[in-house]
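Trainee: Can you keep this structure in mind? I'll have questions shortly.
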Amino acid sequence: MTILGSPTLARAEWQPLADAHAQAADALTAGHRERRARGESHAIEDFLFEYYATRPAHLRRWHPGPGVVLEDAPEHAGWRFYRTDAGRTQVHVPAFMEARGTAVDHIGRLLRATADRPARLGCFGLHEWAMAYRAGDDIRHPLPLRLGQAGTDAVVESHPIACSHFDAFRFFTPDAVPLNRLQPTRETQVALEQPGCLHATMDLYKWAAKLAPVIPSSLQLEAFALALEVRRVDMQASPYDVSAYGLEAIAVETAEGKREYATRQRDFAARGAALRARLIEAIDTIGA
């Protein structure tokens, strides 16, 4: 059965898909949810929930994407940007675009511009070091500095800082700001974003979340899983001692550490490119 050419799924068909998605999301967020219940924090992984402000409950929601009609889906009928006709529910793309069209246009321009650029792999994760440069007691994360303050400052002063990502650059300490080769702003984000940047890859999760429910939730979950991997490497390469979380440092102040970081960066860039292409395709599908 179809509505206006759209595939229609009976509840017996779509419910297993929704259940499998919820289980996969729960597995990825289990640690965060358990810590939250105990009132504990995690200096690495909580970033994905605090900075990106997406709750686990939203991540586990299953969205089939535009053009899929669900029978007997009162759960979806109660969610924003869905419509129901004669007991059949689907994403209401026109309502989504009316409310979010400006944001979708910006996301599309940013993703396309990023995809068109080659990945630059020479930053070596020094953005986190610049955020701690001469920070004193005003340290960004509640973790000890692996090399101490003087050692951290020495790394920043002896390496070129080349951060292209505004949402990392804006957290540089005042003394670190003039050391950056670029001076990114929100207005120049589309012009400067590049696919080798770990934060640009993590942000794919943010863009996927903002595009829900007009993209399949499976894509959002893939973006979250990749962001979780990237975040761990981001902090392994940072000036902080992450051994308390069972992670080894990527000592980017050494030649070996730089090689390891660039290898990880290249892998993330390739995997991010595939997700970015699918997000762009989803945006093109809804006509933005």
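Trainee: Å³ per residue of the Cα convex hull, for segment 165-217?
Mentor: 96 Å³
Trainee: If you keep only loop residues by DSSP, which GluC sites (Glu not before Pro) in segment 103-187 have at most 15 other Cβ atoms within 10 Å of their Cβ?
Mentor: When the GluC sites (Glu not before Pro) of segment 103-187 are filtered for loop state and at most 15 Cβ neighbours within 10 Å, E187 remain.
Trainee: Taking N as the number of residues in segment 113-163, what is its alpha-carbon radius of gyration divided by 2.2 N^0.38 Å?
Mentor: That works out to 1.37 for segment 113-163.
Trainee: What do the square roots of 5 times the Cα gyration tensor eigenvalues come to for segment 1-73, in whole Å, largest first, as semi-axes of the equivalent ellipsoid?
Mentor: Output for segment 1-73: semi-axes of 33, 13, 7 Å.
Trainee: Give me the mean projected area, in nm² to one decimal, of the convex hull enclosing the Cα positions of segment 43-94.
Mentor: 4.4 nm²
Trainee: Follow-up question, since we're still on this one. Roughly how many Å is it from the Cα centre of segment 86-155 to that of segment 214-234, as a whole number?
Mentor: 13 Å
Trainee: Of Y82, H63, A274, which is farthest towards the positive pole of the chain's charge dipole, taken about the Cα centre with +1 and -1 on the beta-carbons of Lys, Arg and Asp, Glu respectively?
Mentor: The residue sitting most towards the positive pole is Y82.
Trainee: Averaged per residue, what accessible surface does the chain expose to a 1.4 Å probe, in Å²?
Mentor: Heavy-atom SASA per residue in the chain reads 46 Å².
Trainee: What whole-number value in cubic angstrom gives the convex hull volume per residue for the C-alpha atoms of segment 1-139?
Mentor: Roughly 190 Å³ of hull volume per residue.
Trainee: Along its three principal axes, how long is segment 102-248 when you only count alpha carbons? Whole Å, largest extent first please.
Mentor: The Cα atoms of segment 102-248 stretch 48, 34, 26 Å along their principal axes.
Trainee: Over segment 125-274, what percent of the accessible surface lies on carbon and sulfur atoms, probe 1.4 Å?
Mentor: 54 percent
Trainee: May I ask for log10 I(q)/I(0) of the chain at q = 0.08, 0.10, 0.11 Å⁻¹, from a Debye sum over the Cα atoms as equal point scatterers with solvent left out?
Mentor: -0.39, -0.59, -0.70
Trainee: Can you give the direction-averaged projected area of the convex hull of the alpha-carbon atoms in segment 172-266, in nm²?
Mentor: Answer in nm², one decimal: 8.1.
Trainee: When Lys and Arg each count +1 and Asp and Glu each count -1, what net charge do the other residues less than 12 Å away from R55, Cβ to Cβ, add up to?
Mentor: With Lys, Arg at +1 and Asp, Glu at -1, the net is +3.
The values are calculated or read from the model by the stated rules, or taken from the named source; none is laboratory data. In this text the structure is predicted, and so the values were computed from the model without any measurement. Because the Cβ atoms are built from the backbone with ideal geometry, glycine has one as well, and the counts that use them run over all protein chains shown. We work out accessible area using only protein heavy atoms, side chains counted, and drop any ligands, DNA or RNA first. Shrake-Rupley method; radii C 1.70, N 1.55, O 1.52, S 1.80 Å.
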